[in-house]
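The structure appears right after this line, and notes come after that.
What follows is calculated from the coordinates using simple rules that are stated; it is not laboratory data. Predicted model only: the values in this text are computed from it and were never measured. Neighbour counts run over all protein chains shown; Cβ positions are idealised from the backbone, glycine included.
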Amino acid sequence: MASDNPVVRDLIISLEDFPHLNEDQTLHDAVEVLLSYTCSEFDRIRYAEILILNNRNQLSGHVTLQNILLSLDPRLKEASKVKGFEGKEAGFLDLVVLWEDSFFVECRKWSQIPIKNLMTPIKYTVKGSDPVLKALAIMTNTQCTVLPVIDEGHIIGVIRLQEIFKTITARCKI
């Protein structure tokens, strides 16, 4: 008896429709690509990450909006590590206003760094033939919201938590 349960292939966003770059491109290129994928009348950014491919069009990693923003000033990475200052209970996050002006001057100098310097490896992938519940189980246990879809050793697209949510809630009639 054949199952009519959804599989990853049913929900895929093709690679052509998802932001991706070559690993030799720059931070500026990544920002341009991400900003080219917008939706709604408010030009909201559609995707929160970009896939990074090598010169053979194989998946090398990904870069999130957080990776990009953290790369703009080393002080941002340190902010979460500081618990307080000079005996006060207030945290380091209250001090960021003191370096706000320098941040907006300094951040421009990072635009030409290679995007491969910011990327993180992809830990999990799925196949197009995998059940949607397998992708959901990976996502809910790893905090990933996007998984690359690999078929025959090649990346063909991604599956996102949003599409899984929509499919499951419709199927369960919630």
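Arranged by the count of other C-beta atoms within 10 angstrom, fewest first, what order do Arg160, Arg9, Arg108 take? Spell out each step's value before the answer.
Values: Arg160 21, Arg9 17, Arg108 10.
Neighbour counts put them in this order, fewest first: Arg108, Arg9, Arg160.
Principal axis lengths of the chain from Cα atoms, whole Å, largest first?
In descending order, the Cα extents are 69, 40, 34 Å.
Below 14 angstrom from the Cβ of Met119, what's the summed charge of the other residues (Lys, Arg +1; Asp, Glu -1)? Kindly include the intermediate steps, with their values, before the conclusion.
Working: positive: Lys116, Lys123; negative: Glu23, Asp24, Asp29, Glu49.
Summing Lys/Arg as +1 and Asp/Glu as -1 gives -2.
Just grab the label-to-label distance for Asn54 and Glu41, each label 7 Å out from Cα along the Cβ direction, in nm (one decimal).
With each label placed 7 Å out from Cα toward Cβ, I get 4.7 nm.
How do Thr169, Thr38, Thr26 rank when sorted from fewest to most other Cβ atoms within 10 Å of their own Cβ?
Working: Thr169 10, Thr38 13, Thr26 17.
With the sparsest Cβ surroundings first, the list reads Thr169, Thr38, Thr26.
Of Glu78, Glu23, how do they rank once you tally other Cβ atoms within 10 Å and put the fewest first? Could you put the intermediate results ahead of the total?
Working: Glu78 10, Glu23 17.
Going from sparsest to densest Cβ surroundings: Glu78, Glu23.
Please state the relative contact order of the chain as a whole percent: Cα pairs under 8 Å, 6+ residues apart? Could you put the intermediate results ahead of the total?
Numbers: 233 pairs, mean separation 50.9, N = 174.
Worked out over the chain, it gives 29 percent.
Specify the angular offset, from 0 to 90 degrees and rounded to the nearest 10, of the alpha carbon long axis of helix 161-171 from the longest principal axis of the alpha carbons in the chain.
Roughly 40 degrees between the two axes.
Please work out the FRET efficiency for the pair Trp110 and His154, using the Cβ-Cβ distance as r and a Förster radius of 25 Å; give the result to the nearest 0.05.
Values: r = 32 Å, r/R0 = 1.27.
The formula returns an efficiency of 0.20 here.
Of Trp110, Trp99, Asn67, whose Cα points farthest to the positive end of the dipole of the stretch 8-171 (charges on the beta-carbon: +1 Lys, Arg; -1 Asp, Glu; origin at the Cα centre)?
Farthest along the dipole direction, towards plus: Asn67.
Using R₀ = 41 Å, calculate the FRET efficiency as 1/(1 + (r/R₀)^6) where r is the Cβ-Cβ separation of Asn141 and Glu100; round to 0.05.
Numbers: r = 38 Å, r/R0 = 0.92.
Efficiency, from the Cβ-Cβ distance: 0.60.
Highest mean first, how do 71-77, 145-151, 100-106 rank when packing is the count of other Cβ atoms within 10 Å averaged over residues? Don't skip to the end; give the middle numbers.
Values: 71-77: 15.0, 145-151: 19.6, 100-106: 10.6.
Ranked from most to least packed, the peptides come out as 145-151, 71-77, 100-106.
By how many degrees, between 0 and 90 and to the nearest 10, does the Cα long axis of helix 27-36 differ from the longest principal axis of the chain?
Once rounded, one gets 50 degrees.
List the lysines whose alpha-carbon lies under 24 Å from that of Lys77, not counting same-chain residues fewer than 8 positions away?
Qualifying lysines at Cα under 24 Å: Lys88, Lys109, Lys116, Lys123.
For Thr120 and Asp4, what is the calculated FRET efficiency with R₀ set at 35 Å and r taken between the beta-carbons, to the nearest 0.05? Walk me through the numbers on the way to the answer.
On the way: r = 36 Å, r/R0 = 1.04.
Efficiency, rounded to the nearest 0.05: 0.45.
Output the 0 to 90 degree angle, nearest 10, between the alpha-carbon long axis of helix 132-142 and the longest principal axis computed from the alpha carbons of the chain.
The two axes meet at around 20 degrees.
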